[in-house]
Amino acid sequence: MGRADYLRLGDWNTVCFQCGFKAKASTLVRNWQGYYVHPEHNEPRQTQDFVRGVPDNQIAPWVQPFPAAIYTYQNVQLGQGDGVNRFYQLGCGLYAVTVTQVEVGGVPTIAYTADSTGGITLTTAPAPYTIVTASGKETMA
């Protein structure tokens, strides 16, 4: 016979979750994990379980974009003619370029087409050893 083997109306026998000994249900207490244990086995919940971190808001109160870098090209030598090649590039080819003037052999020409990234295509290939230069603006945004 154990210490909980007696009759108490409305009560029943159970075991302590911590030690495993038999006890009356009315003598056990429920701990913070939801298990029923003897009062001497009951442990309070660790107070550090309730600590919450302080939000670290790292957003700047205001921001502004960097201004676009604008490069101005003035009579930049693009290459020398070889009698075959008609394509030349002003700028890096990644950003918008506005070609304002193309010179072949030091003489301004209008016989060219320019795309939005600075690619210049001459209508006729320049003579060998003729210097091709161009002017314009490149906007890096």
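Under 7 Å between Cβ atoms, at least 6 apart or on separate chains: pull out the pairs that start in the stretch 18-45 with a residue that is over 11 Å from residue 4 (Cβ atoms) and end on any residue that is of a type in the set (Asp, Glu) and outside any strand (DSSP E or B).
31/43
For the list (1) surrounded by 14 or more Cβ atoms within 10 Å (Cβ to Cβ); (2) out of contact with any strand residue (DSSP E or B) (no Cβ under 7 Å at 6 or more places or on another chain); (3) under 30 Å from residue 135 (Cβ atoms), I need the number of the one condition that residue 35 fails.
All conditions are met except number (3).
Can you list the strands (runs of 3 or more DSSP E) found entirely within the stretch 60-110 that contain at least 2 residues being surrounded by 10 or more Cβ atoms within 10 Å (Cβ to Cβ), touching a residue at least 40 places away in the same chain (Cβ under 8 Å) and assigned by TED's automatic domain parsing to the domain that holds residue 134?
By residue number, 69-80, 96-104.
In the stretch 68-127, how many residues are over 18 Å from residue 138 (Cβ atoms) and in contact with an Asp or Glu (Cβ under 7 Å, 6 or more places away or on another chain)?
Summing the residues that are over 18 Å from residue 138 (Cβ atoms) and in contact with an Asp or Glu (Cβ under 7 Å, 6 or more places away or on another chain) in the stretch 68-127 gives 1.
Looking only at the stretch 24-54, count how many residues are in the same structural domain as residue 8 (by TED's automatic domain parsing) and of a type in the set (A, V, I, L, M).
Counting residues in the stretch 24-54 that are in the same structural domain as residue 8 (by TED's automatic domain parsing) and of a type in the set (A, V, I, L, M) gives 4.
Does the stretch 51-59 include one or more residues that are of a type in the set (A, V, I, L, M), in a loop (DSSP other than H, G, I, E, B) and touching a residue at least 60 places away in the same chain (Cβ under 8 Å)?
No - not one qualifying residue is present in the stretch 51-59.
The values are calculated or read from the model by the stated rules, or taken from the named source; none is laboratory data. Computed from a predicted model, the values in this text were never measured in an experiment. Neighbour counts run over all protein chains shown; Cβ positions are idealised from the backbone, glycine included.
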